[in-house]
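Enquirer: Dumping the structure here so I can ask a few things about it.
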Amino acid sequence: MNPTENITSIFDLDGVLTSDDTLSSLVRARLAARPTRFAAAIPPFLLASAAPPDGALRPAMNRAIVALALRGMARGQYEELAATTGRTMAARTAVGQAVTRCRRALAEGPTVVATASEENLARAFLDGVGLHGIPLAASRLDFTPRGPRLVAHNVGEAKVDAVRALGFAPEEAVLYTDSASDLPLARVARRTVTVNAARRSIAKLANASADIRHERWR
């Protein structure tokens with residue numbers, strides 16, 4: 001690969017730019033203040049934890065947990081919580097080497113952050129680490145009378161479609177990810193870079209990728 005080429009870069013958020021999961025952190029904070037909902041969230045949480053990251057069960061359980069945790073919240077309430085959580089995580093859980101690499105990629109060529117996290121929350125984190133205005137493909141909420149629900153869950157094949165919708169070509173991209181949930185992107189990406197990934201995810205991504213390397217960032 002010629003380092004002077006105008007390479008497209010796709011960065012996952014959770015596990016790459018941040019060491020923690022942004023939406024899970026928001027949900028945990030919300031559930032901690034509501035013990036009855038916390039108890040109700042345990043079964044779907046256990047199912048999600050046991051499910052493979054590249055299957056359909058984990059995203060379905062995560063959507064159920066989000067709906068349960070955020071039930072009754074108005075748009076303004078949620079957006080305030082998302083902004084606070086995103087800024088706090090930017091200060092505490094940002095992976096410095098990943099953020100630096102993302103800034104450099106953005107200066108050198110087309111770059112997008114593609115994440116299953118919710119867009120307001122993800123944008124607050126990115127602004128907090130100085131990645132203002134970077135293109136973002138993220139999940140979206142619909143605000144119903146019962147509260148927010150994930151209606152555009154940007155995971156798996158949906159993430160490939162979202163990246164394309166923003167005008168990026170994943171076939172020309174270097175993908176930075178920690179998770180086998182990004183297998184659909186890894187299958188088409190020019191190169192995959194695993195960042196602080198678990199062995200199981202590395203094995204699955206290696207099988208799916210035409211060109212792969214592995215890095216540990218702090």
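Enquirer: Carbon-plus-sulfur fraction of the accessible area of the range 89-218, 1.4 Å probe, in percent? Write down the numbers at each step before the final one.
Expert: Details: 2760 of 5960 Å².
Ligands and nucleic acids excluded, carbon and sulfur give 46 percent.
Enquirer: Can I ask one more? I'd like the distance separating the alpha-carbon centroids of the range 1-75 and the range 163-190, in whole Å.
Expert: Answer, in whole Å: 19.
Enquirer: By per-residue mean of other Cβ atoms within 10 Å, what is the highest-first order of 86-94, 184-192? Each step should come with its number before you reach the end.
Expert: Working: 86-94: 17.8, 184-192: 21.3.
In descending order of packing, they fall as 184-192, 86-94.
Enquirer: Going by a ≥ b ≥ c, the root eigenvalues of the Cα gyration tensor, does the range 149-191 fall in the rounded group (a/c under 1.5), the prolate group (a/b larger than b/c) or the oblate group?
Expert: It comes out oblate by the Cα gyration axes.
Enquirer: Give me the extension gain from PHE38 to ALA206: residue separation times 0.36 nm, minus the current Cα-Cα distance, reported in nm with one decimal.
Expert: Working: separation 168, 0.36 × 168 = 60.48 nm, distance 3.67 nm.
Full extension from PHE38 to ALA206 adds 56.8 nm.
Enquirer: Still on this structure, please answer the following. For the range 22-107, what is the Kirkwood hydrodynamic radius in Å, using each pair of distinct C-alpha atoms? Intermediate values should be presented prior to the final figure.
Expert: On the way: mean 1/r = 0.0681 Å⁻¹.
So the Kirkwood estimate lands at 14.7 Å.
Enquirer: Whose amide H sits under 5 Å from the amide H of THR111, counting only residues 5 or more places off or on another chain, with H placed in the peptide plane?
Expert: Amide H neighbours of THR111, under 5 Å, 5+ apart: SER9.
Enquirer: Which order do peptides 120-130, 142-152 fall in by mean Cβ count within 10 Å, highest first?
Expert: On the way: 120-130: 22.2, 142-152: 14.7.
The peptides rank, most packed first, as 120-130, 142-152.
Enquirer: Can I ask one more? Taking 8 Å as the Cα distance limit and 6 or more residues as the minimum spacing, I'd like the relative contact order of the range 55-207 as a percentage. Kindly include the intermediate steps, with their values, before the conclusion.
Expert: Working: 219 pairs, mean separation 30.7, N = 153.
Normalised by residue count, the contact order of the range 55-207 is 20 percent.
Enquirer: Okay, moving on. Measuring with a 1.4 Å probe in the full set of protein chains, what accessible area per residue, in whole Å², belongs to the chain?
Expert: Details: 10390 Å² over 218 residues.
Normalised by residue count, the accessible surface of the chain is 48 Å².
Enquirer: Follow-up. log₁₀ I(q)/I(0) of the range 94-218 at q = 0.11 Å⁻¹, via Debye over equal Cα point scatterers, no solvent, to two decimals?
Expert: -0.38
Enquirer: Further, regarding this structure: Here are several values of P(r) over Cα pairs in 10 Å bins from 0, in percent: [x] 7, 24, 32, 21, 13, 3, 0; [y] 8, 30, 32, 23, 7, 0; [z] 8, 35, 38, 16, 3, 0. Which one was derived from the coordinates shown?
Expert: Here the calculated entry is [z].
Enquirer: Ok, one more. How much accessible area does SER181 have with a 1.4 Å probe, in Å² rounded to the nearest 10?
Expert: Only protein atoms counted, so the area is about 30 Å².
The values are calculated or read from the model by the stated rules, or taken from the named source; none is laboratory data. Quantities reported herein were computed from a predicted structural model and do not represent experimental measurements. FYI the Cβ positions are ideal-geometry reconstructions off the backbone, even for glycines, and counts take in every protein chain you see. Areas reflect the complete protein model, heavy atoms only, side chains present, ligands, DNA and RNA absent. Shrake-Rupley method; radii C 1.70, N 1.55, O 1.52, S 1.80 Å.
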